[in-house]
C-alpha cells in the first residue's frame, strides 16, 4: 500500500494505481475528458491536472498518468491548477465550440469567453477513438498522423480502411461529437440538430468525423451523404 | 521520376531481411526504402506492414511523424533551405521566398514536371556559413537573394 | 591506412598507446592540419586538400610533410583554414589557388605569408600563431581542442594523443562505484541542457535492480543554431565512444546506443567508422581485452524530429515508434529502453568523461563556478564577427564571449540580444552582458544554458520576429499529444504573427502571457514546459518593441514586412543601378547616375535591393500608409 496526501487528507493506494484512480476511489472529483476506464490512460486533454509537491518545486501533472508514490503531496484545486484547467477548456472550445461535453465543462469551470479564433474542427485529438479502436475493438484502423499543429486522426491514406469493421465505437466514444448526431428522431434536446439547425448538421459539416463511408450502415448518422 | 512507379517488392523484402524482420528497426527500414525510391510509396508501406506484422496505421504514424520521410514522390532535384535560428537571423526567410518565386513552388511542394522539390529543414548545424541551402546534397554557404538564380542554374541542365 | 589487428590484452593496448604517443612526440616533420568538417567542406576544404596534396608532391616534400585532415577546428569564420606545426602558424579563408604559395613559401622556405594570416576585426592587426588569435585566447578547449590533433577516421591517431589511457585506467584501477564517485565529485552536469548531475544519474541507473542496463548517447542536437555535438562526433568520435565505454563499466551496461541526427551524415559516417574500428581491434564486443567486460554499441539514426532530443521520446524512437514523450516517473534510470534501466547523456557529457578519469575530479572541479563545473562548448553564431565553436570555462561573462572571443558585431552595428538555450531558452539584452555563464544564473535571467547555441542579434533583428520564429518552430516540432503544447504554441504563434503584421490589439500581450504560463504549467514534457520561454523572455526585456508593433504599427528594426517599406535615401544613392538589376519585379525606376525610386505597386518587399546596395542607400522605413487607417488611439 502506498500512502499519499490528497488535499491534506491521507489516502492509501494500491501498487500500480495512478493519482486519478486513487482520487476516484476516495470519491474525489477530478475532471477528465480523454480518460476512460476501459482504455489505457493517455494524458492529452490536460484537464485532470493536479499540483504535486510543495513550494518552489511544486508542479502540475496529469493525474491519469502519474503513478501514486509514497509520500506524495497532491492538491487538486489550487489556483495554478484552476487557471491551467480553464485555459485548456478555452483552447478546446475554440477548436470544437459546438461540442456539448466541452460546453458543459466550460460552464462548470467558469470559462465564459473564447479569445482565440474559432476553428470549428471538432476533433480535439484526445485519442479516445484510436484507443477504442485498437484496445477494445482490436481494429487498429485509425491513428495519429503528422505532429504538432498538423496532427490529425485518420485512416491510412485517408481512404476507406480495410481494417475498419464499421463498429461505430469511435463515434460512440468521441466527446466532441458523441451527442451531436443521433438522427432526426432523437429524444435528446441537443440532437435533432439535423432538423433544427439551419443549415443542417450534415450540410454544415462537410467532413463528418466518420470513417464509415456508407452512411447509415452503423445507425449513428442517418442521412445518405449527398 | 515517374509518380506511378511500380515498386520492386523484392527490394522491400531485401531491406526488411537486412534488419532481421526486427520491428524496432522500422525507422531504419523506412530510411533505406526512401534511399532507394526517393520517397515512401504506399505499396512499400503496405508490404512493410505485412513483413513486420505491424498494423499499417502504425507504420503511417511513424512515416508521417518524422520529417525525413516523404509519402509523395520528390523531384529529380531537391533544394533544401535551412531555417535554423542563425540562418533566420541572417535572412533565410527572404531566401526561401526567392526560391519559391523562382521555382514557382511553395515549401514542401514538388513541381508538376517532377523536376524540383523545395523543402526546408529546421537546422543543418552549419550555422557559421549561413544562410545555408543544400541542393542535391551540395552545401551552398552564405547564400544571398541574388545568388539563388545562379545556384538553380547549375542544376537546371 | 594501417591494417588494424585485435588487441590481445591490456598490456598489448598499453604498449601500442605508448608507441603511438612516442611517435607523435618525436615527430620532426612539419604537419599541415586542415580543418574539414561539414562546414569546412561546404566552404571548399576538399579542393584545398587536393591542391595541397598536389603541391606537396610537386615540390618533392612528400617525405618531409605530414598532411593531417581533421574535423572542425572550431573557428568556422576562418574556414577553410590550416595550421602548420610545430610553429602553429594559422592560415585562414584559403582557396585552392593559395595553396601553391603556402607550400612554396612557408613549408619550403619557412616564410610567413601575411595575406593568409588572421586579422583582428577591430585592431586590424595580423596574428601569426594560433595562440595569438583573440578568438582562442579566453577559451579553454579541453574537449574541442583535440579535434586539431586527430584524423577522426583513425584509431591510431586517437591513441597517439593518449586516447584509451582513461579507459584502461577505469578498467584496471577503479571499481565501478569508484568511477561513479569520481564523476560525482567532479561536479559534471549534463551538457544537453537540463544540467542534471551526471554522477547522480549514473548512480541511479547502476542502483536500479536488474542485470540488463543500457546507455545511450544523445546526439539528436536539434536546437537550431547549435552544432557543438556535430563537431565532436565528426572530429573526435573516439573520445565520445571511450566516454561511453567508461560509463558502461561504471553502470554495468552491456549495450549502448548512439543516436545521431539524420541531418548529420558526416557525423554518422565517422561514428560508424569509429565503432567499426573498435570492433575490429577487439575494443568492443565480447570480453574486451580478455577481461570480463563485454560491450556492444549500436548506431541509431534520427529521422527529423526535434522532440526526439527528449529522453523518453528518444527511447521511443530507438524502439521504432513515434517520438512521443511519456510521463516520468518512471525515469529512464529506472525504466528506460525496453523498460530496462537506461542512462542517457549528451555527446559533450560523454566527451568529458575520459578527461575526468585521466586528470581527476579535482582538476575538473577547479574549472568553472561553485555550481557549474568544467567548460561548456557554445556555438557562437548570428550577427558576430568571429563565428565558431567556443569552449569556455563556466563563469565567463557573455561580454567576454561576444566581444573578446567573438570580436563584436559586424558592420559596426549595435548589439541587441543574445539567444541561448535554443527554443527552450530566451533572449538576453545588453543590460545582462556581464552575466556569468552558469546554469543557475541563466535560468534566473529567463533563459537556460541549453545545449550551447548562442545566437547574437543586432539592432536590425526584430524581437517580435524572433519570438514568432521560435513559436513557429515549436508548433511544428511539438509531438502534438498535450493540448497545452500543441494548441498553446499554435495560438501563441497566431497572436505574435498578428502583432508582426500590424494586426495586434490591446490585450494581446496579456493574453500571450496568460497562455504562455498555461502552456508552461500544463504540458507534460520539456518541450511544452519551456515553449513559453522565447515569448516570456522577449516580453520581459523587449516589451516596448512589442508595444510599438501593436500601438504604433511600427517595427523598429525594420523587419516585419507588413509594417515597413523599402525607401531609397536620395542623399546616399549614387545611381549605380545595382538595386534595379536585383529587383525581381522591376519595381525600381531611375537612370544611371540618377537617384532611384522604388514603386510600391510593384514592390513585393523581398529585400533584394537592400542586399544589393553597397552604399547603404536603401532603408526599411515605417510604412506610412498603415498609420493613417489603423493607428489605435489610447
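The values are calculated or read from the model by the stated rules, or taken from the named source; none is laboratory data. Since the structure is predicted, the reported quantities are computational estimates derived from the model, not experimental observations. Cβ coordinates were reconstructed from backbone atoms using ideal geometry, including for glycine residues, and neighbour counts include every protein chain displayed.
How many residues does segment B:97-110 contain that are touching a residue at least 12 places away in the same chain (Cβ under 8 Å), within 11 Å of chain C (Cβ to nearest Cβ) and crowded, with 19+ Cβ neighbours inside 10 Å?
From segment B:97-110, those touching a residue at least 12 places away in the same chain (Cβ under 8 Å) are B:98-100, B:102-103, B:105-108, B:110; that's our starting set.
This time we only want the ones that are within 11 Å of chain C (Cβ to nearest Cβ), so: B:98, B:100, B:102.
Pick out the ones that are also crowded, with 19+ Cβ neighbours inside 10 Å and you get B:98.
Residues that pass the stated criteria total 1.
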- Message: Among the numbered criteria (1) surrounded by fewer than 16 Cβ atoms within 10 Å (Cβ to Cβ); (2) on the phi > 0 side of the Ramachandran plot, which one does residue B:38 miss?
- Response: (1)
- Query: In segment C:414-430, what residues are more than 14 Å from chain B (Cβ to nearest Cβ) and in contact (Cβ under 8 Å) with a residue 60 or more places away in the chain?
  - Reply: C:428, C:429
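For the subset of segment C:557-576 comprising residues that are surrounded by 13 or more Cβ atoms within 10 Å (Cβ to Cβ) and more than 26 Å from residue B:100 (Cβ to Cβ), which member is nearest to the other protein chains (Cβ to nearest Cβ)? Break it down into steps so the answer makes sense when it comes.
Step one: list which residues in segment C:557-576 are surrounded by 13 or more Cβ atoms within 10 Å (Cβ to Cβ), which gives C:557-569, C:572-576.
This time we only want the ones that are more than 26 Å from residue B:100 (Cβ to Cβ), so: C:569, C:572-576.
Numbers: C:569: 20, C:572: 20, C:573: 19, C:574: 18, C:575: 19, C:576: 14 Å.
Top of the filtered list is C:576.
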- Pick from segment C:395-413, criterion away from chain B (no Cβ under 14 Å) and in a loop (DSSP other than H, G, I, E, B), ranking: modelled with the lowest pLDDT: C:408
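Could you grab me the full set of residues in segment A:80-133 that are outside any helix (DSSP H, G or I), over 30 Å from residue A:155 (Cα atoms) and within 13 Å of another protein chain (Cβ to nearest Cβ)?
Residues of segment A:80-133 outside any helix (DSSP H, G or I): A:96-99, A:110-127.
Filter once more, keeping what is over 30 Å from residue A:155 (Cα atoms): A:110-115.
Correct list: A:111, A:113, A:114, A:115.
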- Pick from C:185, C:213: which is modelled with pLDDT of 95 or more, more than 26 Å from residue C:148 (Cβ to Cβ), surrounded by 22 or more Cβ atoms within 10 Å (Cβ to Cβ) and more than 16 Å from the chain's Cα centre (by Cα)? C:213
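Kindly establish whether residue C:83 is more than 11 Å from residue C:103 (Cβ to Cβ), outside any helix (DSSP H, G or I) and in contact with a strand residue (DSSP E or B) (Cβ under 7 Å, 6 or more places away or on another chain).
Working: more than 11 Å from residue C:103 (Cβ to Cβ): yes; outside any helix (DSSP H, G or I): yes; in contact with a strand residue (DSSP E or B) (Cβ under 7 Å, 6 or more places away or on another chain): yes.
Answer is yes for this residue.
Between C:381, C:418, C:392, which is at pLDDT below 95, at negative phi and surrounded by 18 or more Cβ atoms within 10 Å (Cβ to Cβ)? Show your work before the answer.
Values: C:418 fails: at pLDDT below 95; C:392 fails: at pLDDT below 95.
Among C:381, C:418, C:392, only C:381 is at pLDDT below 95, at negative phi and surrounded by 18 or more Cβ atoms within 10 Å (Cβ to Cβ).
Go over the candidates C:19, C:46 one by one and state the one that is surrounded by fewer than 17 Cβ atoms within 10 Å (Cβ to Cβ) and within 13 Å of chain B (Cβ to nearest Cβ).
Values: C:19 fails: within 13 Å of chain B (Cβ to nearest Cβ).
Of the residues listed, the single one that is surrounded by fewer than 17 Cβ atoms within 10 Å (Cβ to Cβ) and within 13 Å of chain B (Cβ to nearest Cβ) is C:46.
Working carefully through the options A:73, A:153, A:159, find the one that is more than 24 Å from residue C:307 (Cβ to Cβ) and not assigned by TED's automatic domain parsing to the domain that holds residue A:29.
Values: A:73 fails: not assigned by TED's automatic domain parsing to the domain that holds residue A:29; A:153 fails: more than 24 Å from residue C:307 (Cβ to Cβ).
None of the other options fit; the residue is A:159.
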- Message: Take the conditions facing another protein chain (nearest Cβ under 9 Å), in contact with a strand residue (DSSP E or B) (Cβ under 8 Å, 6 or more places away or on another chain) and either closer than 23 Å to residue A:138 by Cα or surrounded by fewer than 20 Cβ atoms within 10 Å (Cβ to Cβ) (or both) and apply them to residue B:22. Does it pass?
- Response: no
- Message: Take the conditions over 30 Å from residue B:57 (Cβ atoms), away from chain C (no Cβ under 13 Å) and under 14 Å from the mean Cα position of the chain (by Cα) and apply them to residue A:77. Does it pass?
- Response: no
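I'd like to verify a number: residues in segment C:87-131 that are in a loop (DSSP other than H, G, I, E, B) and over 18 Å from residue C:65 (Cβ atoms), how many? Can you show your working first?
Step one: filter segment C:87-131 for residues in a loop (DSSP other than H, G, I, E, B), giving C:87-88, C:92-95, C:109-113, C:120-125, C:128.
Of the ones still in play, those that are also over 18 Å from residue C:65 (Cβ atoms) are C:92-93, C:95, C:120-125, C:128.
Qualifying residue count for the region: 10.
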- Item | Residue check, residue B:131 closer than 30 Å to residue B:21 by Cα, in contact (Cβ under 8 Å) with a residue 12 or more places away in the chain and either more than 9 Å from chain C (Cβ to nearest Cβ) or assigned to a helix (DSSP H, G or I) (or both) | no
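Being assigned to a loop (DSSP other than H, G, I, E, B) and under 17 Å from the mean Cα position of the chain (by Cα), is that true of even one residue in segment A:55-64?
Step one: list which residues in segment A:55-64 are assigned to a loop (DSSP other than H, G, I, E, B), which gives A:58, A:63-64.
Filter again for under 17 Å from the mean Cα position of the chain (by Cα), leaving A:63-64.
The answer is yes; a qualifying residue exists.
Could you pull out the residue among A:114, A:132, A:137 that is surrounded by fewer than 21 Cβ atoms within 10 Å (Cβ to Cβ) and farther than 29 Å from residue C:507 by Cβ?
Working: A:114 fails: farther than 29 Å from residue C:507 by Cβ; A:132 fails: surrounded by fewer than 21 Cβ atoms within 10 Å (Cβ to Cβ).
Residue meeting the stated conditions: A:137.
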- Query: If residue C:432 passes every condition in (1) more than 21 Å from residue B:125 (Cα to Cα); (2) buried (at least 23 other Cβ atoms within 10 Å of the Cβ) but one, which one does it miss?
  - Reply: (2)
- Item | Hits in segment C:486-507 (condition: outside any helix (DSSP H, G or I) and in contact with a helix residue (DSSP H, G or I) (Cβ under 9 Å, 6 or more places away or on another chain)) | C:501, C:502, C:503, C:504, C:505, C:506
- Task: Among residues belonging to segment C:476-496 that are touching a residue at least 12 places away in the same chain (Cβ under 8 Å) and under 22 Å from the mean Cα position of the chain (by Cα), point out the one that is nearest to the other protein chains (Cβ to nearest Cβ).
- Result: C:478
- Query: Assuming residue B:43 fulfils every condition listed in (1) surrounded by fewer than 16 Cβ atoms within 10 Å (Cβ to Cβ); (2) under 22 Å from residue C:315 (Cα atoms) apart from one, which condition is it?
  - Reply: (2)
- Message: Criterion first (in contact (Cβ under 8 Å) with a residue 40 or more places away in the chain and under 18 Å from residue B:145 (Cα atoms)) does residue C:572 satisfy it?
- Response: no
- Within segment C:516-556, count every residue that is more than 14 Å from chain A (Cβ to nearest Cβ), crowded, with 21+ Cβ neighbours inside 10 Å and in a loop (DSSP other than H, G, I, E, B). 3
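Kindly indicate the residue of segment A:147-162 that is part of a loop (DSSP other than H, G, I, E, B) and surrounded by fewer than 18 Cβ atoms within 10 Å (Cβ to Cβ) and also farthest from the other protein chains (Cβ to nearest Cβ) among those meeting that condition. Spell out how you get there, then give the answer.
Let us first name the residues in segment A:147-162 that are part of a loop (DSSP other than H, G, I, E, B), namely A:147, A:151, A:155, A:159-162.
Add one more test, that the residue is surrounded by fewer than 18 Cβ atoms within 10 Å (Cβ to Cβ), and what stays is A:159-160, A:162.
Numbers: A:159: 10, A:160: 13, A:162: 8 Å.
Applying the filter and picking the extreme gives A:160.
Test residue C:441 against the stated conditions and say whether it is more than 21 Å from residue C:225 (Cα to Cα) and under 22 Å from the mean Cα position of the chain (by Cα).
Working: more than 21 Å from residue C:225 (Cα to Cα): yes; under 22 Å from the mean Cα position of the chain (by Cα): yes.
The answer is yes for residue C:441.
Of these, C:629, C:623, which one is away from every other protein chain (no Cβ under 14 Å), closer than 19 Å to residue B:94 by Cβ and modelled with pLDDT under 90?
On the way: C:629 fails: closer than 19 Å to residue B:94 by Cβ.
C:623 is the lone residue from the list that is away from every other protein chain (no Cβ under 14 Å), closer than 19 Å to residue B:94 by Cβ and modelled with pLDDT under 90.
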